[in-house]
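First comes the structure, then the notes that go with it.
Any read-out appearing in this document is the output of simple, stated calculations on the displayed coordinates, not a laboratory observation. Everything quoted here is computed from the prediction, not taken from an experiment. Using ideal geometry, Cβ is built from the backbone for each residue, glycine included, and neighbour counts are taken over all protein chains shown.
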Amino acid sequence: MTISEIPITTIDGKETTLGEYDEKVLLIVNVASRCGLAPQYEKLEALQKTYGDRGFTVLGFPSNQFLQELGTEEKIAEYCSTTWGVTFPMFEKIRVNGKQQHPLYAELTKTPDAAGKAGKVSWNFEKFVVTPAGDVHRFRPHTEPDAPEIVELIESSLPAA
């Protein structure tokens, strides 16, 4: 099964797959509303606004793996919308590590980061850029969404403006 065939569920309960986003540059992020890194939502949304019309999208996957996410999808959606103005697609809460790890993260975490380390998600706001060609690039939580290495990767993966 390819990444685009993995079943996912939107935050409002619609079943889909990442195939819906084929041909787009994806920035997949495990998010948590009560995390100290939550201000990254603002930069994620800025990327969405800057590149969304060119074939890019952020995909937010809430996770309570580190005990910092709200209890329901409704509360998460409301928080993201009212606090950060999030317009990018959000999905149901998932597990990013462990025995009940979501199949998407089972695939993504095979990818090593810049230091060559693959495996478990270390914290909230770990980022994976997936290009239309299917290449996966991993960035750890403290790498800001607008870090030069992420922006350059997004821009080089998009069609010319």
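Computed quantities for the displayed model
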{"read-out": "Percentage relative contact order, the chain, counting C-alpha pairs under 8 Å, at least six apart", "value": "27"}
{"read-out": "Calculated [θ] (222 nm, deg cm²/dmol) that DSSP helices of n ≥ 4 give over the chain, each run adding -39,500 (n - 2.57)", "value": "-7500 deg cm²/dmol"}
{"read-out": "For the range 1-159: lysine pairs under 22 Å (alpha-carbon distance), excluding those fewer than 8 apart on one chain", "value": "22"}
{"read-out": "Surface/4 of the Cα convex hull for the range 10-157, nm²", "value": "8.1"}
{"read-out": "Antiparallel bridges, percent of DSSP beta bridges restricted to the range 10-157 (to nearest 5)", "value": "55"}
{"read-out": "Positive-pole candidate from Thr143, Phe128, Ala118, dipole of the range 10-157, charges at beta carbon", "value": "Ala118"}
{"read-out": "In sequence order, calculated HN-Hα J values of the range 90-102 (Karplus, 6.51, -1.76, 1.60; Hz; x Gly/Pro)", "value": "10, 10, 5, 4, 9, 9, 9, 9, x, 5, 9, 4, 4"}
{"read-out": "Phi-based couplings in Hz for the range 80-86 (Karplus 6.51, -1.76, 1.60; Gly and Pro marked x)", "value": "5, 6, 7, 7, 10, x, 5"}
{"read-out": "Rg/Rh (Cα only; Kirkwood hydrodynamic radius) as it applies to the range 62-130", "value": "0.99"}
{"read-out": "Cα gyration tensor shape for the range 1-76, rounded if a/c is under 1.5, else prolate or oblate", "value": "oblate"}
{"read-out": "Derived scalar couplings ³J(HN,Hα) [the range 29-44; Karplus, 6.51 cos²θ - 1.76 cosθ + 1.60; whole Hz; x for Gly, Pro]", "value": "9, 8, 10, 8, 5, 9, 8, x, 8, 4, x, 4, 3, 4, 6, 4"}
